[in-house]
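The values are calculated or read from the model by the stated rules, or taken from the named source; none is laboratory data. Since we're looking at a predicted model, the values are computed, not measured. Positions of Cβ are backbone-derived with ideal geometry, glycine not excepted, and every protein chain shown enters the neighbour counts.
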């Protein structure tokens with residue numbers, strides 16, 4: 001746009017606003033509404049309508065700077081390129097793909113610093129138009145971004161999961177052996193493991209209890225959302241032990257990549273060595289031997305060393321939290337509630353147990369170790385009362401049970417009234 005064109009545009013703008021230069025505001029608004037409702041033949045731009053706010057802007061500029069205020073300003077990017085070549089467009093597309101959440105200003109500064117906007121460089125507004133036109137920047141956030149991580153020391157994070165293994169002999173039948181394993185994130189040591197005939201919370205907590213006893217308490221336990229991992233028994237045990245229980249997102253196996261990679265190693269280096277006809281006890285014995293002779297003493301590419309060495313190196317510099325055997329037993333007790341029958345008994349797992357007569361028709365709490373459901377104990381408001389024993393009808397028939405004094409007094413009072 002040359003100076004003559006700017007002069008013609010300024011004069012057009014003056015003609016448009018000149019009738020209202022000396023008029024009051026109400027008259028100005030009425031006039032501008034009339035002009036906004038029609039099209040005007042504007043020099044250089046052709047026929048188009050003009051907004052009321054645009055006319056008011058011209059009016060203010062004229063009153064402030066005269067005719068000069070109505071001249072179009074020269075472009076601030078005069079002499080600079082207004083488009084990118086094909087190579088620069090490809091570079092811009094690659095940069096936007098790599099950093100989709102950078103602001104345009106950050107992207108512009110980055111490209112400018114790398115001298116990728118030409119000479120003289122493309123102006124910022126042109127870059128904005130190109131990015132919007134090509135739709136190069138994402139507006140939605142990615143939810144599948146995953147970065148490699150590793151804890152600084154042992155027992156900061158344990159990862160636990162189940163793996164379905166081969167069919168084995170178990171209690172005069174054949175069942176699928178399910179491996180429950182716990183891996184320490186820092187050292188890749190397997191701190192807990194056992195094959196069981198099912199994938200239950202009992203199998204899980206037995207492994208976890210042994211791991212707590214042997215290696216101490218972790219800060220965090222990372223598991224999936226299977227039934228065993230959301231059971232109240234596990235949640236309560238972790239709460240009482242002061243362990244942070246973390247569940248991964250549903251169907252997000254890659255988030256537990258370290259334990260999944262270990263299971264792959266088990267399939268490739270352990271399961272292939274087993275005989276076809278093997279019992280559950282035999283596979284557990286063979287697995288323990290394999291861990292000690294093979295896995296824990298082999299170079300691990302993820303840590304550039306042996307898991308056993310890395311565990312001991314780290315354990316020597318951190319404080320391991322431990323619990324006494326009795327405390328562990330209390331943490332992993334399975335809890336139930338029962339109503340005591342009129343004959344001072346309760347039914348539990350198809351067995352009848354005797355309860356002190358003071359608890360007749362009351363709700364009581366019973367607990368037993370996770371690995372022994374017959375070792376049943378009675379608790380009263382969290383206090384251990386005693387072990388419950390199975391009912392022996394023959395013994396009860398020959399045992400003398402005196403009537404409490406209170407019952408005798410009550411009976412005497414009723415007799416007097418009658």
- When residue 122 is evaluated against the numbered criteria (1) buried (at least 19 other Cβ atoms within 10 Å of the Cβ); (2) in the same structural domain as residue 207 (by TED's automatic domain parsing); (3) more than 23 Å from residue 226 (Cβ to Cβ), which criterion, by number, is the only one it fails? (2)
- Out of curiosity, is residue 300 within 30 Å of residue 191 (Cβ to Cβ), assigned by TED's automatic domain parsing to the domain that holds residue 192, surrounded by 14 or more Cβ atoms within 10 Å (Cβ to Cβ) and at pLDDT 90 or above? no
- Item | Positions within the stretch 129-165 being loosely packed, with under 14 Cβ neighbours inside 10 Å, touching a helix residue (DSSP H, G or I) at 6+ places or on another chain (Cβ under 9 Å) and modelled with pLDDT of 85 or more, in sequence order | 152
- Query: Going through the stretch 192-210 one residue at a time, which ones are touching a helix residue (DSSP H, G or I) at 6+ places or on another chain (Cβ under 7 Å), in a helix (DSSP H, G or I) and more than 17 Å from residue 159 (Cβ to Cβ)?
  - Reply: 201, 209
- Message: Among the residues of the stretch 216-249, what is the count of those that are surrounded by fewer than 18 Cβ atoms within 10 Å (Cβ to Cβ), closer than 16 Å to residue 327 by Cβ and in contact with a helix residue (DSSP H, G or I) (Cβ under 6 Å, 6 or more places away or on another chain)?
- Response: 1
- Query: Restricting attention to the stretch 184-206, which residues are closer than 25 Å to residue 336 by Cβ, within 24 Å of the chain's Cα centre (by Cα) and crowded, with 20+ Cβ neighbours inside 10 Å?
  - Reply: 201, 204, 205
- Determine which single condition residue 262 fails, assuming it passes every other condition in (1) farther than 23 Å from residue 332 by Cβ; (2) surrounded by fewer than 18 Cβ atoms within 10 Å (Cβ to Cβ). (2)
- Note on the structure: residue 174 vs (1) surrounded by 17 or more Cβ atoms within 10 Å (Cβ to Cβ); (2) part of a strand (DSSP E or B): all pass except (1)
- Message: I'd like the residue in the stretch 350-375 that is assigned to a loop (DSSP other than H, G, I, E, B) and closer than 10 Å to residue 333 by Cα and, out of all such residues, is modelled with the highest pLDDT.
- Response: 373
- Query: Mind checking which residues of the stretch 77-101 are at pLDDT 80 or above and under 12 Å from residue 137 (Cα atoms)?
  - Reply: 92, 93, 94, 95, 96, 97, 98, 99
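Of 370, 318, which residue is farther than 27 Å from residue 228 by Cβ, within 37 Å of the chain's Cα centre (by Cα) and touching a residue at least 24 places away in the same chain (Cβ under 8 Å)?
Matching residue, one of 370, 318: 318.
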- Residues in the stretch 4-55 that are closer than 18 Å to residue 66 by Cβ and outside any helix (DSSP H, G or I): how many? 2
- Task: Just one of (1) without any contact (Cβ under 8 Å) to a residue 40 or more places away in the chain; (2) under 30 Å from residue 367 (Cβ atoms) trips up residue 250, so point out which.
- Result: (2)
- Message: Restricting to the stretch 211-245, name every residue that is under 16 Å from residue 332 (Cα atoms), touching a residue at least 24 places away in the same chain (Cβ under 8 Å) and in a helix (DSSP H, G or I).
- Response: 211, 212, 213, 228, 229, 233, 234, 236, 237, 240, 241
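How many residues are part of a helix (DSSP H, G or I) and closer than 15 Å to residue 87 by Cα when one looks only at the stretch 104-130?
3
Test residue 252 against the criterion of being farther than 20 Å from residue 224 by Cβ and either out of contact with any helix residue (DSSP H, G or I) (no Cβ under 9 Å at 6 or more places or on another chain) or surrounded by 12 or more Cβ atoms within 10 Å (Cβ to Cβ) (or both), and give yes or no.
No: the conditions fail for residue 252.
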